[in-house]
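The values are calculated or read from the model by the stated rules, or taken from the named source; none is laboratory data. In this text, all values refer to a predicted model and were calculated from it rather than measured experimentally. Methodologically, a virtual Cβ is constructed for each residue, glycine included, from the backbone with ideal geometry; neighbour enumeration extends over all protein chains shown.
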């Protein structure tokens, strides 16, 4: 079961395009997501490196993503990073619906120079995250590195996904980017239809 998001507007069109928006006193976030897309992204959060990571996520997952966020960056980046991840996860949950006919599981390993990240996901509706990304510094650009783990945990919570993501490297930019690319490719594999599957990939007959 996904975490409550408070006041949130969700819509889904016949062609699978999902629109999710959420507004609080701290942030205003809107997401348009097509899971079976071509990797086209237009992301503006006000945090440059976060935009870069999310754009890379969409590109390598072949997700079409338009994302806008306005937040209280005069306080710090925490609220914006967290709320963007929550709304993006909610968009995936809406797009997947009852999760019938998908592979459910996905995994990927992605290198980036000296860094290597491995992601394994289960879209079975059980939110859990195990993240091990040993960053060396406090920031990459405007993004605090401690918020990378928090963003991934928040995404897993509202997407209804179990995410195991581990990495190693000497360059924090490379490590974070490899992690988002690995997650993207694992999510892509898990979201894709299984042509031999009828119903959900669970002996219980339901997911969530």
Discussion item. Based on this model, can you work out whether residue 93 counts as in contact (Cβ under 8 Å) with a residue 60 or more places away in the chain, touching a strand residue (DSSP E or B) at 6+ places or on another chain (Cβ under 8 Å) and either outside any loop (DSSP other than H, G, I, E, B) or surrounded by fewer than 17 Cβ atoms within 10 Å (Cβ to Cβ) (or both)?
Written reply: no
Discussion item. Tell me whether segment 70-82 contains one or more residues that are touching a strand residue (DSSP E or B) at 6+ places or on another chain (Cβ under 6 Å), part of a strand (DSSP E or B), more than 16 Å from residue 149 (Cα to Cα) and in contact (Cβ under 8 Å) with a residue 12 or more places away in the chain.
Written reply: yes
Worksheet entry | Lone qualifier among 47, 8 - being modelled with pLDDT under 95 and in contact with a helix residue (DSSP H, G or I) (Cβ under 8 Å, 6 or more places away or on another chain) | 8
Worksheet, complete the sentence: Checking 16, 46 in turn, the sole residue that is in a loop (DSSP other than H, G, I, E, B) and farther than 26 Å from residue 144 by Cα turns out to be 16
Item to complete: Please tell me if residue 132 is without any contact (Cβ under 8 Å) to a residue 40 or more places away in the chain and surrounded by 20 or more Cβ atoms within 10 Å (Cβ to Cβ).
Response: no
Practice prompt. Only one of these is in contact (Cβ under 8 Å) with a residue 24 or more places away in the chain, out of contact with any strand residue (DSSP E or B) (no Cβ under 6 Å at 6 or more places or on another chain) and farther than 15 Å from residue 56 by Cβ: 127, 111. Name it.
Written response: 127
Item to complete: Would you mind telling me which numbered condition in (1) over 15 Å from residue 187 (Cα atoms); (2) over 13 Å from the mean Cα position of the chain (by Cα); (3) free of Cβ contacts under 8 Å to residues at least 60 places away in the same chain residue 67 fails?
Response: (2)
Discussion item. For a quick check of your reading of the model, give me the residue pairs whose first member lies in segment 156-180 and is touching a residue at least 60 places away in the same chain (Cβ under 8 Å), whose second is crowded, with 24+ Cβ neighbours inside 10 Å and in a loop (DSSP other than H, G, I, E, B), with beta-carbon atoms closer than 8 Å and at least 6 apart or on different chains.
Written reply: 159/123; 160/123; 161/123
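Somewhere in segment 49-62, is a residue without any contact (Cβ under 8 Å) to a residue 24 or more places away in the chain and either closer than 24 Å to residue 175 by Cα or assigned to a loop (DSSP other than H, G, I, E, B) (or both)?
The answer is yes; a qualifying residue exists.
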